[in-house]
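First the structure, in the form of structure tokens, and then the observations on it.
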Amino acid sequence: MRTIAAMFLALTAALAGLAGAQASDITAVRFGEHEGHTRIVIETRTPVQSRAHTLSEPAPRLVVSFEDASWSVDGLDGGAGFGAGLVGVFRFDAAASHPRLVFTLTGPASIRQQMSLDPAGGGYRTVIDVEPVSAAAFASVSGFPQAPATLTELVVRDAGIDFTPAGCERIRVVIDPGHGGRDPGALARFGGMHEAGIALAAGLQLRDILNETGRYEVIMTRDRDVYVSLEDRVRIARQARADLFISLHADSAGGNAGPSGATIYSMNARAENRARSRAINEGNWVDVNRTEEVSRILVEMAISNKRSQSELFAEALRTEVGRTANLWRSTPMEANYAVLTDAEIPAVLFEMGFMTNREDSRRLNDVRERRRLMQAAAAAIDSHFSGCRAPGRTYWASGGSPASGASAR
Ligand SMILES: [Zn+2]
């Protein structure tokens, strides 16, 4: 578990007598990209006391909290902006018990040094240098110094978004059997079903296994041999406000009968770009009460949440499937598949084996072997949602009922 060895920072005010007397205005936030580190400079009108720590979940970020501060940055009225280097986006939260600046990090990073500097032509400067570190090092130094609201709560409260964490009793899982109808997918090479038939049979088995637990609300993108467009599959998941989307497929290696085993994909950077433009173009995040900039930042936060949740689930799925079947690729795999391009719903694409491999094909066509594989998938879903520690439904673009959420296309 995370240690509470957070990197504390107690910046002494240069003029101690003034500290805490009144809120100090933050007048600028700047970034400098340097060899090996990113410098964050926070400028204030008067000296300010602050402390900084990093958090690893659900996504890497740096939190700087102030004894007291208010936001007064020209051109960034929404209290949010884009960073540089190791900082993706940042956002000021005045509603916390101590006002804070939250910087999303593009990867694991630690605080190398922090300084408090007197004005040199501008305001008082709080300087924090962050440098990239290994994921293990990051996890060991990251943690809450106390028990504050989560980042999600902070952002969501401020933006007035409907925040509904996945309830432990009603986790919504969308099962997406690939292909169908006029699209058979990879053809049967060694007899038995085409890919579409295998994906459907597996999907129905997984549905039944999940339904038996009573823990999930299962939604199928198709439950018979019909064609469903990729766009509609994503739409169904959005309408359901899914906590998890799992797409089932079987691979093909063309004329090569050699490759065998399962592969699990989550979205890659290109899919992420598609998710980003989809979210922005569809207007899901546009709100009259929100500046465009804040909308964009919320999209970034949603995508970053989706990414980490998808990767966590992919890891759980690899672990469980690896116990019962052979993996073609045992390392994290990413791809630009259309069904992975929603900005919010954690999603993986599960290639259950190769249609072009004789043994894989036999197993995929065998009802018992297939059930064993789907039991592994169900075990991964159980472990992903164990203790409901990984709510997927974290940031929703539009509030209200699932129906109104679905109207945002
Ligand atoms: Zn396929």
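The values are calculated or read from the model by the stated rules, or taken from the named source; none is laboratory data. A quick note: this is a predicted structure, and the numbers were derived from the prediction, not measured. We place every Cβ from the backbone using ideal geometry, glycine too, and count neighbours over all the protein chains shown. Surface accessibility is based on the protein's heavy atoms, side chains included, excluding ligands, DNA and RNA. Shrake-Rupley method; radii C 1.70, N 1.55, O 1.52, S 1.80 Å.
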ASP25 - accessible surface, heavy atoms, 1.4 Å probe, Å² rounded to 10
40 Å²
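In the stretch 16-150, what % of DSSP beta bridges are antiparallel (nearest 5)?
Working: 42 of 45 bridges.
Of all bridge pairs located within the stretch 16-150, approximately 95 percent are antiparallel.
Of all DSSP beta bridges located in the stretch 171-407, what percent are antiparallel, nearest 5?
Details: 4 of 24 bridges.
Roughly 15 percent of the beta bridges in the stretch 171-407 run antiparallel, per DSSP.
How much net charge surrounds MET220 when only the other residues with a Cβ under 13 Å from the Cβ of MET220 are counted, with Lys and Arg +1 and Asp and Glu -1?
Working: positive: ARG172, ARG207, ARG222, ARG224, ARG233; negative: ASP176, ASP208, GLU217, ASP223, ASP225, ASP232.
With Lys, Arg at +1 and Asp, Glu at -1, the net is -1.
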Can you pull out the trypsin sites (Lys or Arg not before Pro) in the stretch 213-271 whose DSSP state is coil and whose Cβ has at most 10 other Cβ atoms within 10 Å?
ARG224
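What does the extension gain come out to for ARG112 and VAL226, with contour length at 0.36 nm per residue minus their alpha carbon separation?
Details: separation 114, 0.36 × 114 = 41.04 nm, distance 5.63 nm.
Contour length minus Cα-Cα distance gives 35.4 nm.
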Rounded to whole Å, give me the distance from the Cα center of the stretch 347-373 to that of the stretch 41-82.
50 Å
Between ALA275, ALA335, ALA377, whose Cα lies farthest towards the positive end of the dipole of the stretch 171-407 when Lys and Arg beta carbons carry +1 and Asp and Glu beta carbons carry -1, centred on the Cα centre?
ALA377
Can you tally the net charge around SER252? Count Lys and Arg as +1, Asp and Glu as -1, for every other residue whose Cβ sits under 14 Å from the Cβ of SER252.
-3
FRET efficiency for ASP208 and ARG235 from the Cβ-Cβ distance with R0 = 22 Å, rounded to 0.05, comes out at 0.35
May I ask you to compute the full-extension gain from ALA95 to SER330, defined as 0.36 nm times their residue separation minus their alpha-carbon distance, rounded to one decimal in nm?
80.2 nm
Solvent-accessible surface (1.4 angstrom probe) belonging to HIS194, in square angstrom, nearest 10
80 Å²
Can you tell me the accessible area per residue over the stretch 16-150, all protein chains present, probe 1.4 angstrom, in square angstrom?
41 Å²
Accessible surface of MET115 in the full protein assembly, 1.4 angstrom probe, to the nearest 10 Å²?
50 Å²
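Rank LEU204, LEU105 by accessible area, highest first, at a 1.4 Å probe radius?
On the way: LEU204 45, LEU105 15 Å².
Of LEU204, LEU105, the descending order of accessible area is LEU204, LEU105.
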